[in-house]
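The next block holds one structure in the form of C-alpha cells; read it before the comments.
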Amino acid sequence: MRLISIVFVLASLAACGPQLSVVVPPAEDGCATLHGDPGITARLYFGRTMKDGGRIDDAAWRTFLAERVTPRLPSGFSVFEGYGQWQQRSGGRIIQEPSTVIEVAAPRNAATIWKLEEIRADYRQMFNQESVGMVISESCASF
C-alpha cells in the first residue's frame, strides 16, 4: 500500500482561536516523528449469541478472555461491548446480537497474525460460532 502525506487544516472553532495546520508525515518516517512504533491495530468482533439461541454469558466470556486471549496478548488490549449485525454465510439470514470487540495495537509480524487467528479459532470452536470478524489496519503506536 502506498501511503502519502496528508495535510489537515483545522479551522478555528467558533472564533476561539487562530487556524492551525497539522502535517501528518509519510508512513516511512511518520512513526519516528510521532514518537511511535510502526505496527498494526487489530479489531476482533465476537458475537455473543450461539446457534442454538443461547447466549455466551459474562462468566464464559471472562474465562475465554483469561485463558485464551490474555496469554496470547500479554502486552494488553481493550474490550468494548456493543451490538452488531451480520449476514450469516450458511443461510443468508441477518443476525443481530450483542457483541464484544477486542482492539489491540501490536507488532506487524507473522507471530501477531498467528495469535489473532488462534484466538478466532478457539472462540469459534468453544462457542460453536460460524465466524469471528477481524479488521486489521496499519498504525503507529506509542505507550
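The values are calculated or read from the model by the stated rules, or taken from the named source; none is laboratory data. Computed from a predicted model, the values in this text were never measured in an experiment. Neighbour counts are summed over all protein chains in view; Cβ atoms, including those assigned to glycine, are modelled from backbone coordinates with ideal geometry.
Summary table
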| item | result |
| --- | --- |
| Residues of segment 91-116 that turn out to be in contact (Cβ under 8 Å) with a residue 12 or more places away in the chain and either more than 30 Å from Cys31 (Cα to Cα) or among the acidic types (Asp, Glu) (or both), as a count | 6 |
| Restricting segment 40-69 to residues that are of a type in the set (S, T, N, Q) and without any contact (Cβ under 8 Å) to a residue 60 or more places away in the chain, the residue that is farthest from Thr112 (Cα to Cα) | Thr49 |
| Positions within segment 127-142 being in a loop (DSSP other than H, G, I, E, B) and surrounded by 16 or more Cβ atoms within 10 Å (Cβ to Cβ), in sequence order | Phe127, Gln129, Ser131, Val132 |
| Residue tally, condition within 26 Å of Ile40 (Cβ to Cβ) and of a type in the set (Lys, Arg), over segment 81-109 | 2 |
| Residues located in segment 49-103, provided they are of a type in the set (A, V, I, L, M) and exposed (fewer than 11 other Cβ atoms within 10 Å of the Cβ) | Ala59, Ala66, Ile94 |
| Residue within segment 103-123 that is among the aromatic types (Phe, Trp, Tyr) and modelled with pLDDT of 95 or more present | yes |
| Per-region count, segment 113-143, residues among the polar types (S, T, N, Q) and in contact with a Leu (Cβ under 9 Å, 6 or more places away or on another chain) | 1 |
| Extreme residue, nearest to Pro71 (Cα to Cα), among residues of segment 117-143 that are among the charged types (D, E, K, R) and without any contact (Cβ under 8 Å) to a residue 60 or more places away in the chain | Glu118 |
